[in-house]
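Report on the following structure.
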Amino acid sequence: TYVVTDNCVRCKYTDCVEVCPVDCFYEGENFLVIHPDECIDCGVCEPECPAEAIKPDTEPGLDKWLKINAEFAQIWPNITIKKDPMDGAKELDGEAGKYEKYFS
Ligand code: SF4
Ligand code: F3S
């Protein structure tokens, strides 16, 4: 599966949702997640994210993100249509530790 990681927080560009063939993105207030059981590992979303926040979970150290994606995909609503990024997305793009600082 692919997972959404830290740099999506407070950016939420949403380019990813438009390309997913199985519509497995779920939307929270300031972050998106991928449903690990629905993702078919096609990889097309990865290069679409301007924040480079999407990664294959085969990369080391992504356990935490896999857990977060799996947890919230069960409670957040599905999102399939691109919307505007969050206010200040550009300024916050690349800031470290956004999940700890801003996630709500
Ligand atoms: Fe969707 Fe493919 Fe990305 Fe998985 S890897 S979330 S199936 S676009
Ligand atoms: Fe987030 Fe990137 Fe999608 S910032 S909403 S994972 S395009």
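Taking Glu91 as the residue in question, decide whether it is within 16 Å of ligand 1 (Cβ to nearest atom), among the acidic types (Asp, Glu) and either on the phi > 0 side of the Ramachandran plot or in a helix (DSSP H, G or I) (or both). Give the derivation first.
Numbers: within 16 Å of ligand 1 (Cβ to nearest atom): no; among the acidic types (Asp, Glu): yes; either on the phi > 0 side of the Ramachandran plot or in a helix (DSSP H, G or I) (or both): yes.
So Glu91 fails the test.
When you look at Val33, is it within 10 Å of the chain's Cα centre (by Cα), within 11 Å of ligand 2 (Cβ to nearest atom) and in a helix (DSSP H, G or I), yes or no?
Considered against the rule, which asks whether it is within 10 Å of the chain's Cα centre (by Cα), within 11 Å of ligand 2 (Cβ to nearest atom) and in a helix (DSSP H, G or I), Val33 comes out as no.
Is segment 39-53 home to any residue that is more than 10 Å from ligand 1 (Cβ to nearest atom), of a type outside the set (A, V, I, L, M, F, W, C), within 14 Å of Thr1 (Cβ to Cβ) and modelled with pLDDT of 95 or more?
No: segment 39-53 contains no residue that is more than 10 Å from ligand 1 (Cβ to nearest atom), of a type outside the set (A, V, I, L, M, F, W, C), within 14 Å of Thr1 (Cβ to Cβ) and modelled with pLDDT of 95 or more.
Looking only at residues in segment 11-30 that are near ligand 1 (Cβ under 10 Å from one of its atoms) and either assigned to a loop (DSSP other than H, G, I, E, B) or among the β-branched types (Val, Ile, Thr) (or both), which one is surrounded by the fewest Cβ atoms within 10 Å (Cβ to Cβ)?
Pro21
The values are calculated or read from the model by the stated rules, or taken from the named source; none is laboratory data. Every value quoted in this text rests on a predicted model; they were computed, and no experiment measured them. Methodologically, a virtual Cβ is constructed for each residue, glycine included, from the backbone with ideal geometry; neighbour enumeration extends over all protein chains shown.
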